[in-house]
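The structure appears below as structure tokens.
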Amino acid sequence: MDGIQLEGLVIRNYSGFYYVQDDDRNVYECRTRGKLKDKIVTGDRVLISLLEEGKGILEKRLQRVNQLYRPKVANVNMVLIVLAFEKPNPDLMLLDRLLFLTEYSGMRPVIVLNKCDLPGDDRIKLIREYYPKAGFDVIEASTKQDVGLIELQLLIKGQIAVLAGPSGAGKSSLLNRLGGQTSVRTQEVSEKIGRGKHTTRHVELYPLIEGGWLADTPGFSVLELPRIDRSEFVSYFSDFRRYDKKCHFANCLHYKENECGVKDAVRDGEILELRYKHYYSMLEEIIENERCY
């Protein structure tokens, strides 16, 4: 097989090996040449040279559309932000950080309210009422009651999507059902601490029943904001835009300025007050980062 080259998708990598799947769903265990070491991540399209059966050498990384850095995965079209109705209760600050980071990375965010067979609390009500009006897709799901699964499969079809959200929200259970497999380990939420332990050790792409790929990723609860200009940060809150025309200053940050249309909208209940507080907190973090570089 020496000399035969083909293109494929890196579906997982660990322990120095990269597992590449071609268009016929054959998987090859590959190593990189020295120049490519540490430059390949899950989700990359690559060119490989075939060796003996099932083995290969990574020759080239093809052009990327984008890359997430935490977790490291490339060419992602969509991020499913998974929050649970309960166990753990939804963290709206985490939600707003993930929405910003997803849009900043040029990906489509989809909010998945998982475990909808549970009652939920006022935080679920806030998400249901505000975020669809703000322009975000919100899908309710339950693996126990088969709710939302077909909708998610059709949404992801032909895409590379990643699961993001806190441990215990049911990401691995969703993946198992969407992929028609049971290979991803799940773990019950600790009753004592009210959250789940990390069950995923590396980033891996899994094929879905209806087509497309879904990545299970290590759980997390805090994400660092990128170092960007404060005026750029403002632009990623699309639900603020309809009100910023009423701001006195054209470059209003909706921060400490007077005569701010966005703050007026918060006061009038048009913008969710809690989301604005999260925006304010993140903006202060962005400004502090500016001072450090």
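The values are calculated or read from the model by the stated rules, or taken from the named source; none is laboratory data. Keep in mind that this is a model prediction, so the values were computed, not measured. In this analysis, Cβ positions are derived from the backbone assuming ideal geometry, glycine residues included, and neighbour counts consider all displayed protein chains. Heads up: the accessible areas ignore ligands, DNA and RNA and are worked out on the full protein's heavy atoms, side chains in. Shrake-Rupley method; radii C 1.70, N 1.55, O 1.52, S 1.80 Å.
Structure values in brief
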read-out	value
Volume in Å³ per residue [convex hull over Cα atoms, computed for the chain]	152 Å³
Within the chain, percent of DSSP bridges classed antiparallel, to nearest 5	55 percent
Using a Förster distance of 41 Å, the FRET efficiency for L118-K72 (Cβ separation, nearest 0.05)	0.80
For R177, solvent-accessible area (1.4 Å; no DNA, RNA or ligand), Å²	90 Å²
For H248, solvent-accessible area (1.4 Å; no DNA, RNA or ligand), Å²	110 Å²
With all protein chains modelled, accessible area of M107 [1.4 Å, Å²]	10 Å²
For the chain, Cys with no neighbouring Cys Cβ under 4.7 Å	C30, C116, C260, C292
Residues of type lysines that K60 reaches as a straight line, Cα spacing below 22 Å, ignoring anything fewer than 8 places off in the same chain	K35, K37, K39, K72
Residue-by-residue Karplus 3J(HN,Hα) for the stretch 268-278, coefficients 6.51, -1.76, 1.60, Hz, glycine and proline x	8, x, 7, 10, 4, 4, 5, 5, 4, 4, 5
Rounded tilt (10° steps) of 92-104 against the dominant C-alpha axis of the chain	60 degrees
Cα gyration tensor, the stretch 17-59 - rounded (a/c under 1.5), prolate or oblate	oblate
Mean ellipticity per residue at 222 nm, deg cm²/dmol - from DSSP H runs of n ≥ 4 across the chain, formula -39500 (n - 2.57)	-7000 deg cm²/dmol
Residue order for D268, D121 - accessible surface, 1.4 angstrom probe, largest first	D268, D121
